[in-house]
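The values are calculated or read from the model by the stated rules, or taken from the named source; none is laboratory data. Being a predicted model, the structure only gives us computed values, none of them experimental. Cβ coordinates were reconstructed from backbone atoms using ideal geometry, including for glycine residues, and neighbour counts include every protein chain displayed.
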Amino acid sequence: MAAKGTLYFPPGFLWGCATAAHQVEGHNVNDWWRWEQTPGRIFQDQRSGAACDWWAGRYAEDFDRAAEMHNNAQRISIEWSRVEPEPGKWDQDALDHYREMIIGLRERGMKPMVTLHHFTNPLWVGDHDGWLWDEVPERFEQFTRKVITALGDVCDLWCTLNEPNVYATNGYIFGTWTPGLKSVKKAARALYNQLRGHTRAYHAIKELQPQSQVGLAIHLVGNKPLPPKWINQAATRFMSHFFNRSFLDAFTTGRLRLTGGGRYRFPKAKGALDWIGMQYYQEFRSGFTLRSPGTLFVAQSKPTDMPVGPHTWGGLNPTATFDMLMWLWRSLGKPIYITESGVPDPDDTIRPGYLAESLKAAWRATTLSIPLKGFFHWSLVDNFEWAEGYDPRYSFGLYQVNFQTQSRTARLSARFYGEVCAQNGLSAETVERFAPDVLEKVFPGEAGKAQVTLKARATGTYSRVP
């Protein structure tokens, strides 16, 4: 029988959801909008269109939904192409609209975390293959200065870049995202320019708003070798270094080193972080293959020893959230936000258990004095999922969206998450009602003994690189 108890999070912990401008606003005109116009690039040749209709005002009703879930924070992003549709041409109406959104969050008792770049670029940046253009870091700093000057009095928690490693990999190695290139060296250059862009933006924000807290969100992927391990261990190390480690290492060493992509020195990056955002969703098995020369003969596949997501999605292992947090803390020594955590699940059958196990893993980290400051669920509402478009298999929202009528329907997980946020903790009673299938895993035995066991298991056993 599972124990009755509550796993409480630290006082002041931030509970919220995350969204991205292009995925929810609707009718953006940027490099992703242009990418969508060519058949074969998006699921069923869909286009983002109205998305969740936020730019027309529906953000307000979705903010109300977040408030009803007792969220005390919310992560949103600003669309660069709206603010600077042409080089040096600033749209004050767009800045005013974002101001209204941020004030709307504050009026509802939610702290805004604002992301400055979430995958999309103005058309004039896209004309130069995005972040492959060496002038982008300076242009991004100028955009950042404009935003901070306009909005710094209503927001002081900033995320410069969202998942620079995902942007570089999908856009410059796999070619499935704009600009559609396939070159490890070009991906490395795009990563380097994002490092420069973040660093310039970081120092600009601290100059204009010294009390602000500035970080970025990195995507971490679990990686283990395919058999035979003695051969494929090297492939796993390559994938983990390129995707998980390389960008982060620059903040402690001042160098960006990428196997097959070159080495870059950038001392100004050293220490240019107040916090780091962790985004963990899935894990893969890695190995060598002659079929993937474009990725230096290294490829990933789905695990066979755990549930997996749709299509190319990997294995679902929420308990590994703890491993990732431990590794990230030991790597950087910076405060951490879980800036995204979620699962594609249109029927909401997996999400409650996945959420419960993820939260248990996050709580474990706090018991070891890891400075975890907040948890942002991806996502508040179903939205446009990049190359997956509106494929229902990739529904991440706590609220289901009918994109024909723009109606919203609360999933069971919305009620579950709302109770967690309200009590600043995860209780056995809540898990028993919303995710009974994982109750014994989340609350094994007597609550006090469980905490002691968790601490004992954690000691000295999670030093590996994910």
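Select, from 277, 287, the only residue that is more than 18 Å from residue 170 (Cα to Cα), at pLDDT below 90 and outside any loop (DSSP other than H, G, I, E, B).
Every option except 287 fails the conditions.
Quick check on this structure: which one of 286, 379, 292 is buried (at least 22 other Cβ atoms within 10 Å of the Cβ) and under 30 Å from residue 45 (Cβ atoms)?
379
Output the residues belonging to segment 256-274 that are assigned to a loop (DSSP other than H, G, I, E, B) and farther than 20 Å from residue 160 by Cβ.
If the condition is that a residue be assigned to a loop (DSSP other than H, G, I, E, B) and farther than 20 Å from residue 160 by Cβ, then 259, 260, 261 are the ones that fit.
If a residue must be crowded, with 19+ Cβ neighbours inside 10 Å, in a strand (DSSP E or B) and out of contact with any helix residue (DSSP H, G or I) (no Cβ under 7 Å at 6 or more places or on another chain), how many such residues does segment 213-237 contain?
Result for segment 213-237: 2.
Which one is surrounded by the most Cβ atoms within 10 Å (Cβ to Cβ), of the residues in segment 47-85 that are of a type in the set (S, T, N, Q) and under 12 Å from residue 19 (Cα atoms)?
Per the criteria, the residue is 74.
For segment 64-183, which fully contained helices (runs of 4 or more DSSP H) count at least 3 residues that are modelled with pLDDT of 95 or more and among the β-branched types (Val, Ile, Thr)?
Once the helices (runs of 4 or more DSSP H) in segment 64-183 are filtered for at least 3 residues that are modelled with pLDDT of 95 or more and among the β-branched types (Val, Ile, Thr), what remains is 136-151.
Are there any pairs, at least 6 apart or on different chains, whose C-beta atoms fall under 6 Å, with the first in segment 78-102 and closer than 16 Å to residue 26 by Cβ and the second hydroxyl-bearing (Ser, Thr, Tyr) and part of a helix (DSSP H, G or I), and if so, which?
Correct list of pairs: 78/98; 101/59.
For segment 275-285, indicate whether the set of residues that are basic (Lys, Arg) and free of Cβ contacts under 8 Å to residues at least 60 places away in the same chain is non-empty.
Within segment 275-285, not a single residue is basic (Lys, Arg) and free of Cβ contacts under 8 Å to residues at least 60 places away in the same chain.
Which residue is farthest from residue 20 (Cα to Cα), if the candidates are limited to segment 202-256 and must be of a type in the set (Val, Ile, Thr) and in contact (Cβ under 8 Å) with a residue 40 or more places away in the chain?
231
Does at least one position in segment 309-330 carry a residue that is assigned to a loop (DSSP other than H, G, I, E, B), farther than 29 Å from residue 120 by Cβ and not charged (D, E, K, R)?
Scanning segment 309-330 turns up at least one residue that is assigned to a loop (DSSP other than H, G, I, E, B), farther than 29 Å from residue 120 by Cβ and not charged (D, E, K, R).
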